[in-house]
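Read the structure below first, then the notes.
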Amino acid sequence: MSQTFARIGELAQFVSQTVTVRGWVSHLRSSGKVAFIVMRDGSATPLQCVLVKKQMPEEDWERFASLTLESSVVVTGEVRADDRAPGGFELGVSALGLFGASPLDYPIQPKEHGVDFLLDNRHLWLRSPRQVAIARVRHEVEQAIHDFFYERGFLRVDTPILTAAIGERAGLFETEYFDEGTAYLAQTGQLYGEAAAAAFGRIYTFGPTFRAEKSKTRRHLTEFWMIEPEMAWYDQAMNQDLQEEFVSYLVQRCLTRRAAELKELERDTSKLQTVRAPFPRIPYTDAVATLQGKGSDIKWGDDLGAEDEALLVADYDRPVFVCNYPKEAKAFYMKENPDDPRTVLCADLLAHEGYGEIIGGSQREDDHDKLLARIRHEGLPLDAYGWYLDLRKYGTFVHSGFGLGLERTVAWICGVQHIRECIAFPRMMHRVRP
RNA sequence: UCCCGAGUAGCUCAGGUGGUAGAGCAGACGACUGUUAAUCGUCGGGUCGGGGGUUCAAGUCCCUCCUCGGGAGCCA
């Protein structure tokens, strides 16, 4: 007789049939002659297995007593619908096999733990339902990003991680690069994205970036994933149109396809239902005036602090653009605002509910001489930017782009307090392992 | 780098004004035929982050160092 293997997520198709499920024990309960195994196999929901002493071989029944948390098991039984089971289906066990025993010292128990302890055990923490749910939302966001751009004719370009050029002034990780001197781990793919946009029109990058900043906040990682679209012939208004359409798409797609995971995470999805284009667009100068009215001591020319951001976003039910910052507060490659040369054509997109900046974007300076002046003004090494200036020398073009922080976006959609839970193995100032 | 906060059992924590440690969970054994982080009974479990000081006596007070967390700055 052949054996039918099934994953927990597929059990609805097997009601009244006998199947074999393989996975790991996440809870054990025993009540004399009836016992329960709650097991997990990576599906969205766990599976409750019901063992009744007189309905299974003596040997298998006794095997239950030796089971421990996180043992891997092979369970055969009849699939049946039952309201008392999480997920709506359970398995009436007729055979129980132990594949890999787990010693009694499994660190993560079904109770509260401290974050530091959990991060030390991240390789095991990943198995818990909450972490599985976050990982599945992250995957949905990633796939949605690819689908969104694929449907719109964008080309995905993978930019180098080892670079000589420096995109921004934030901290850099350095490494020896043969006889070429120092190379840096990429903190943005944007400059390469601009070159690619001149070749391919509309592109996006999707890759890891590295910041050696000694940041210790719930919004920062030293290694994080960033998505950086770059579009030829897009001005800043079109850039923002695309961003709000993009972010709305990601959120709505998670709402429809990852409802079970968001429920597991106890996310208040009413806060996400409202995320639909258009988003408010607040000029920086207006934002400063509003903030001053609310009691902030911000002055024109200052960048918005974290408190200012929260204050500004509090009035809205969806993400908010803050547009056209002072030139001195922003990166050298941003295009000067023709209506107010003190500012540049850019926007930060601030997620509501206090999740902060999830996108930074701008129209790029396309005037060769202005860009050159700006590089000199910032004191950046000119020889490293020769190829970047070539993009303005040989057929310059209007173009814009933005960078979306993947973990921040996932944290916001999931309603998770700290972005370190939104990547499988977070890299932070005090943590490189596991 | 700066400002707060925390280090006590495997884990989460409690330990007014100093008198050599306690709970819950986890674990072991037992009971229970539908449990949902099951429940009930019994038992085992500790260099109180390191060092120094005050004191008859320090988990507790003082100094110092270490580690970690949160926030600021920077940014996604």
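Condition (residue is buried (at least 18 other Cβ atoms within 10 Å of the Cβ), modelled with pLDDT of 90 or more, closer than 30 Å to A:ARG218 by Cα and of a type in the set (Ser, Thr, Tyr)) applied to segment A:359-369: is it met by at least one residue? Among the residues of segment A:359-369, at least one is buried (at least 18 other Cβ atoms within 10 Å of the Cβ), modelled with pLDDT of 90 or more, closer than 30 Å to A:ARG218 by Cα and of a type in the set (Ser, Thr, Tyr), which makes the answer yes.
Considered as a group, the residues in segment A:287-325 that are away from RNA strand B (no atom under 13 Å from the Cβ), of a type in the set (Gly, Ala, Ser) and not in a loop (DSSP other than H, G, I, E, B) include one that is nearest to A:LEU242 (Cα to Cα), and that residue is A:ALA287. Taking residues in segment A:28-39 that are touching a residue at least 24 places away in the same chain (Cβ under 8 Å), and partners anywhere that are near RNA strand B (Cβ under 6 Å from one of its atoms), the pairs with Cβ atoms closer than 6 Å and at least 6 places apart or on different chains are A:VAL38/A:HIS27; A:VAL38/A:GLN48. Being within 27 Å of A:ALA310 (Cα to Cα) and either assigned to a helix (DSSP H, G or I) or among the small types (Gly, Ala, Ser) (or both) holds for only one residue in A:LEU221, A:LEU191, A:LEU250, and it is A:LEU250. Please determine whether any residue of segment A:100-113 is more than 11 Å from RNA strand B (Cβ to nearest atom) and either within 35 Å of the chain's Cα centre (by Cα) or farther than 28 Å from A:PRO57 by Cβ (or both). For segment A:100-113, residues more than 11 Å from RNA strand B (Cβ to nearest atom) and either within 35 Å of the chain's Cα centre (by Cα) or farther than 28 Å from A:PRO57 by Cβ (or both): present. Only one entry in A:THR188, A:THR209, A:THR205, A:THR175 is under 23 Å from A:PRO381 (Cα atoms), among the β-branched types (Val, Ile, Thr) and either surrounded by fewer than 18 Cβ atoms within 10 Å (Cβ to Cβ) or modelled with pLDDT of 95 or more (or both), namely A:THR175. Taking the criterion of being buried (at least 21 other Cβ atoms within 10 Å of the Cβ), near RNA strand B (Cβ under 7 Å from one of its atoms) and not in a helix (DSSP H, G or I), no residue of segment A:413-430 qualifies.
Quick check: anything in segment A:245-266 acidic (Asp, Glu), more than 15 Å from RNA strand B (Cβ to nearest atom) and at pLDDT below 95? Checking segment A:245-266: at least one residue is acidic (Asp, Glu), more than 15 Å from RNA strand B (Cβ to nearest atom) and at pLDDT below 95.
Scanning segment A:326-356 for residues that are assigned to a strand (DSSP E or B) and without any contact (Cβ under 8 Å) to a residue 60 or more places away in the chain gives A:PRO326, A:MET334, A:GLU336, A:THR343, A:VAL344, A:ASP348, A:LEU350.
When you look at A:PHE117, is it surrounded by 14 or more Cβ atoms within 10 Å (Cβ to Cβ), within 12 Å of RNA strand B (Cβ to nearest atom) and in a helix (DSSP H, G or I), yes or no? For A:PHE117, the condition - surrounded by 14 or more Cβ atoms within 10 Å (Cβ to Cβ), within 12 Å of RNA strand B (Cβ to nearest atom) and in a helix (DSSP H, G or I) - is not met. Remark: pairs (first residue in segment A:295-321, touching a residue at least 12 places away in the same chain (Cβ under 8 Å); second residue of a type in the set (Phe, Trp, Tyr); Cβ separation under 8 Å; 6+ apart in sequence or on different chains) = A:ASP303/A:TYR325; A:ARG318/A:PHE279; A:PRO319/A:PHE279; A:VAL320/A:PHE279; A:PHE321/A:PHE279.
Within segment A:212-227, the set of residues being more than 8 Å from RNA strand B (Cβ to nearest atom) and at pLDDT 90 or above comprises A:GLU223, A:TRP225, A:ILE227. In segment A:104-119, the residues that are without any contact (Cβ under 8 Å) to a residue 12 or more places away in the chain form Cβ pairs under 8 Å with partners that are assigned to a loop (DSSP other than H, G, I, E, B), at six or more places apart or across chains, as follows: A:PHE117/A:PRO107; A:LEU118/A:ILE108. Might you check whether a residue that is hydrophobic (A, V, I, L, M, F, W, C), more than 14 Å from RNA strand B (Cβ to nearest atom), at pLDDT 85 or above and over 35 Å from the mean Cα position of the chain (by Cα) occurs anywhere in segment A:29-40? Within segment A:29-40, none of the residues are hydrophobic (A, V, I, L, M, F, W, C), more than 14 Å from RNA strand B (Cβ to nearest atom), at pLDDT 85 or above and over 35 Å from the mean Cα position of the chain (by Cα). Take the conditions (1) crowded, with 16+ Cβ neighbours inside 10 Å; (2) touching a residue at least 40 places away in the same chain (Cβ under 8 Å); (3) within 30 Å of A:GLY201 (Cα to Cα); A:VAL93 misses just one of them, which is (3).
So which residues in segment A:224-247 are acidic (Asp, Glu), within 14 Å of A:LEU404 (Cα to Cα) and part of a helix (DSSP H, G or I), if there are any at all? Hits for segment A:224-247 are A:GLU244, A:GLU245.
Just one of the numbered conditions (1) in contact with a Ser or Thr (Cβ under 8 Å, 6 or more places away or on another chain); (2) near RNA strand B (Cβ under 10 Å from one of its atoms); (3) not in a strand (DSSP E or B) is not true of A:GLY9: (2). Could you tell me whether any residue of segment A:104-111 is of a type in the set (A, V, I, L, M, F, W, C) and surrounded by 15 or more Cβ atoms within 10 Å (Cβ to Cβ)? The answer is yes; a qualifying residue exists. Yes or no: A:TRP387 in a helix (DSSP H, G or I), surrounded by fewer than 16 Cβ atoms within 10 Å (Cβ to Cβ) and in contact (Cβ under 8 Å) with a residue 40 or more places away in the chain? Yes.
Look at A:GLY401 and say whether it is closer than 22 Å to A:VAL157 by Cβ, crowded, with 17+ Cβ neighbours inside 10 Å, more than 10 Å from RNA strand B (Cβ to nearest atom) and of a type outside the set (Phe, Trp, Tyr).
Yes: the conditions hold for A:GLY401.
Looking at the structure I just gave you, is A:ARG376 touching a residue at least 24 places away in the same chain (Cβ under 8 Å) and not in a loop (DSSP other than H, G, I, E, B)?
Against the criterion (touching a residue at least 24 places away in the same chain (Cβ under 8 Å) and not in a loop (DSSP other than H, G, I, E, B)), A:ARG376 does not qualify.
The values are calculated or read from the model by the stated rules, or taken from the named source; none is laboratory data. Because the structure is predicted, anything quoted here is derived from the model rather than measured. All Cβ positions, even for glycine, are placed from backbone atoms using ideal geometry, and neighbour counts span all protein chains on display.
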